[in-house]
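Peer 1: Next up is a structure, given as structure tokens.
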Amino acid sequence: MAGSRRPGRPTGPGVDVERRREELLDAAERAVRTGGPQVGLAEVARQAGFVRSVVYAIFPSRASLLTALSQRHAAQILVKTGKKTPSDATDRQRLAAFIDSLCEWIEEEPELYRMLGGQAFVGDDDTHGLFEQLADSAELLLTMNLSAQNSETAAAGPWSRAMIGAVAASTAWWRRTGTMSRADLVEHLTVMCWEGGARLPLFNGPLRDNP
């Protein structure tokens, strides 16, 4: 019969998957901020006002949700870094802006940091943590700069992860102890990352020649 449709087939426009995905990520952030880093997909569904199957259709596992949240917040940190960096900034100033943006995010989003930072860099095969997302971006920039100088690029991978790990660990310590301002913390970390171990007394003192 003309105009007939199969029983049970929904009418109207289909689901906007990208919009639904963003709604679920928003709900996940609210759930984590109020319920802590251990929240699961059921809590996300309740926060979003959806049945659980709707969440599973977009994020089939908690790991996939964590990866999506990591991607979102890594991108936000990089965007914030760009906004803090004038067009004529030096490379050192860009580094300081990046470190400050990461410290600021950890300070402002303690529960999300505990959730996403707990993955550190790479977790399960289907998990790509927040810090690994940032380290990938740092590695790309380091590789480009080293290549432009005709230098060996193999160090870009470990250097980028050492930098991100140092900032994350130091900021966690700073939040716990409150021993200095964020500006001072950022400057100390910038000096270490920019000038390297040569500025550390441990590697540039009277013990350096001892076996």
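The values are calculated or read from the model by the stated rules, or taken from the named source; none is laboratory data. All figures in this text were calculated on a predicted structure; none of them were measured in a lab. Reconstructed Cβ throughout: ideal geometry from the backbone, glycine too, with neighbour counts over all protein chains shown.
Peer 1: Pairs please, first residue from segment 26-53 and closer than 14 Å to E109 by Cβ, second anywhere and outside any helix (DSSP H, G or I) and not hydrophobic (A, V, I, L, M, F, W, C), Cβ atoms under 7 Å, 6+ apart in sequence or on different chains.
Peer 2: Listed by first residue and then by second, the contacts come to P37/G118.
Here's the yes/no breakdown for (1) of a type in the set (A, V, I, L, M, F, W, C); (2) surrounded by fewer than 15 Cβ atoms within 10 Å (Cβ to Cβ); (3) under 21 Å from A169 (Cα atoms); (4) not assigned by TED's automatic domain parsing to the domain that holds L189:
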{"site": "Q38", "(1), (2), (3), (4)": "no, yes, yes, yes"}
{"site": "Q47", "(1), (2), (3), (4)": "no, no, no, yes"}
{"site": "L78", "(1), (2), (3), (4)": "yes, no, yes, no"}
{"site": "D100", "(1), (2), (3), (4)": "no, no, yes, no"}
{"site": "E104", "(1), (2), (3), (4)": "no, no, yes, no"}
{"site": "E109", "(1), (2), (3), (4)": "no, no, yes, no"}
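Peer 1: Follow-up question, since we're still on this one. Of everything in segment 15-36, what is surrounded by 14 or more Cβ atoms within 10 Å (Cβ to Cβ) and aliphatic (A, V, I, L, M)? Give them in sequence order.
Peer 2: L24, L25, A27, A28, A31, V32, listed by residue number.
Peer 1: Hey, can you tell me all the residues within segment 143-168 that are among the aliphatic types (A, V, I, L, M), surrounded by 14 or more Cβ atoms within 10 Å (Cβ to Cβ) and assigned to a loop (DSSP other than H, G, I, E, B)?
Peer 2: A155
Peer 1: Restricting attention to segment 169-190, which residues are among the hydroxyl-bearing types (S, T, Y) and in a helix (DSSP H, G or I)?
Peer 2: Answer for segment 169-190, where residues must be among the hydroxyl-bearing types (S, T, Y) and in a helix (DSSP H, G or I): S170, T171, T177, T190.
Peer 1: Same structure again: Name every residue in segment 49-59 that is surrounded by 13 or more Cβ atoms within 10 Å (Cβ to Cβ) and among the β-branched types (V, I, T), in order of residue number. It would help to see each step written out before you state the result.
Peer 2: Just the residues of segment 49-59 that are surrounded by 13 or more Cβ atoms within 10 Å (Cβ to Cβ), to begin with: 50, 52, 54-59.
Passing the criteria: V54, V55, I58.
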